[in-house]
Amino acid sequence: MSGTTLPMRVWTGTVVRAQDLTPTMRRVVFGGEGLAGYASTGVGDEYLRLIFPVDRASDPILPTVTNGCLDYNSIDLATMRTYTVRAFEPATGEVTIDFVIHDGGVAAEWARAARPGDRIGLNTPDGMYDPPAGLTWQFLVADCAAIPAAARLIENAQAGVRTRAILEVPGPAHHLDLAAAPGVEVTWIHGGNGHGPSRLEQVVRSLPRPAGGVGYIWVAGETKELRGVRKYLRRELGLPSSAYKTVGYWTDGAEKWRDRYESLDAETKTMLDAIWETDADLGDVEIRYDEQLARLGL
Ligand SMILES: Cc1cc2nc3c(=O)[nH]c(=O)nc-3n(C[C@H](O)[C@H](O)[C@H](O)COP(=O)(O)OP(=O)(O)OC[C@H]3O[C@@H](n4cnc5c(N)ncnc54)[C@H](O)[C@@H]3O)c2cc1C
């Protein structure tokens, strides 16, 4: 199911329309000439970086692409955030992003007031959802930030693959009308998302896994909540990293986290970066990284 990796480019999108979907989710549709040639990987959780202007009247300052990759040294990271392509319409070239609206944050504040004509930078997307061949069942577990990705995965679920989706939102007013593919079971739970404790780890622990068959567990939500999920799947269940994907989408108290990270000395930052450069299995590398962050109070 893994899609094609597309050549990296940076694009400019112009807001065509925006609408509130729920009290805390706003849909913004981008189009315009700056998106001519834009393409999708076709992977349900494909994500990209959005580059916000310093103020609404200015154009965003776009990063450059070096050796096929975004050059993160060429951009003010404070203006960049990661979002899911909720939909791409090849006929019109329109890209849809669903933003969680919350207090604070460059992205949420921009999206709250987005109106036709506003301009933003975006790059070529990439996907992470990559189930094993011969998939027979899957669990999709998400909080609000990951609902755009879960929704696409729910809509695109392959026929014959038993799919259970558990979506965590603040309350009933936050449920969305999803066009689930036949055979997909969707359950809404309430909490998390900065409104209360997240229950994603508890959910994953309680889901009865089908006996036999080929399964995949995709979980995305608040970063620290995801640490417990990852540890459970890898250490307690002993799953190979090909059998699951766990992605921290946002960090509760991000401002404090960023300050704390910035205050680390160069040696500690190098140690953290080096964790990703080993040949060890990704599942173990991720847990090692989580453990080091926790040790540093991050
Ligand atoms: C692969 C990937 C795909 C993503 N797709 C989406 C998407 O489609 N839609 C989406 O809304 N988000 C998505 N996110 C999450 C998004 O990148 C973060 O929520 C991001 O931090 C928002 O930036 P901000 O500038 O609004 O807030 P920040 O500057 O990061 O944070 C400001 C404050 O807001 C809080 N905060 C941040 N995000 C949330 C949240 N979701 N709920 C409650 N409080 C929050 C922080 O704790 C902090 O206190 C995705 C993340 C990843 C990694």
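The values are calculated or read from the model by the stated rules, or taken from the named source; none is laboratory data. Everything quoted here is computed from the prediction, not taken from an experiment. With ideal geometry, Cβ positions are generated from the backbone for all residues, glycine too; neighbour counts draw on all protein chains shown.
Tell me, please, whether a residue that is within 16 Å of the ligand (Cβ to nearest atom), touching a residue at least 12 places away in the same chain (Cβ under 8 Å) and in contact with an Asp or Glu (Cβ under 9 Å, 6 or more places away or on another chain) can be found in segment 65-83.
Within segment 65-83, one or more residues are within 16 Å of the ligand (Cβ to nearest atom), touching a residue at least 12 places away in the same chain (Cβ under 8 Å) and in contact with an Asp or Glu (Cβ under 9 Å, 6 or more places away or on another chain).
Of the numbered conditions (1) assigned to a loop (DSSP other than H, G, I, E, B); (2) surrounded by fewer than 17 Cβ atoms within 10 Å (Cβ to Cβ), Lys256 fails exactly one; give the number of that condition.
Evaluating Lys256 over (1) assigned to a loop (DSSP other than H, G, I, E, B); (2) surrounded by fewer than 17 Cβ atoms within 10 Å (Cβ to Cβ) leaves (1) as the failure.
Only one residue in Leu264, Leu239, Leu298 is over 23 Å from the mean Cα position of the chain (by Cα) and either aliphatic (A, V, I, L, M) or surrounded by 13 or more Cβ atoms within 10 Å (Cβ to Cβ) (or both). Which one?
Leu264
Out of everything in segment 84-112 that is buried (at least 19 other Cβ atoms within 10 Å of the Cβ), closer than 15 Å to Phe30 by Cβ and of a type in the set (A, V, I, L, M), what residue ends up being farthest from the ligand (Cβ to nearest atom)?
Val95
Taking segment 43-64, which residues are touching a residue at least 60 places away in the same chain (Cβ under 8 Å), within 16 Å of the ligand (Cβ to nearest atom) and not in a strand (DSSP E or B)?
The answer is Val43, Gly44, Asp45, Glu46, Phe52, Pro53, Arg56, Pro60.
What number of residues in segment 1-19 are without any contact (Cβ under 8 Å) to a residue 40 or more places away in the chain and assigned by TED's automatic domain parsing to the domain that holds Thr84? Steps first, answer last, please.
Step one: filter segment 1-19 for residues without any contact (Cβ under 8 Å) to a residue 40 or more places away in the chain, giving 4, 19.
From the residues that got through so far, the ones that are assigned by TED's automatic domain parsing to the domain that holds Thr84 too are 19.
Adding up the residues that qualify gives 1.
Okay, residues lined up against (1) part of a strand (DSSP E or B); (2) at pLDDT below 95:
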{"site": "Ser2", "(1), (2)": "no, yes"}
{"site": "Leu6", "(1), (2)": "no, yes"}
{"site": "Gly13", "(1), (2)": "yes, no"}
{"site": "Gln19", "(1), (2)": "yes, no"}
{"site": "Gly34", "(1), (2)": "no, no"}
{"site": "Thr41", "(1), (2)": "no, no"}
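Here are some residues: Val229, Val219, Val247. Which one is assigned to a helix (DSSP H, G or I), among the β-branched types (Val, Ile, Thr) and within 18 Å of Pro131 (Cβ to Cβ)?
Matching residue, one of Val229, Val219, Val247: Val229.
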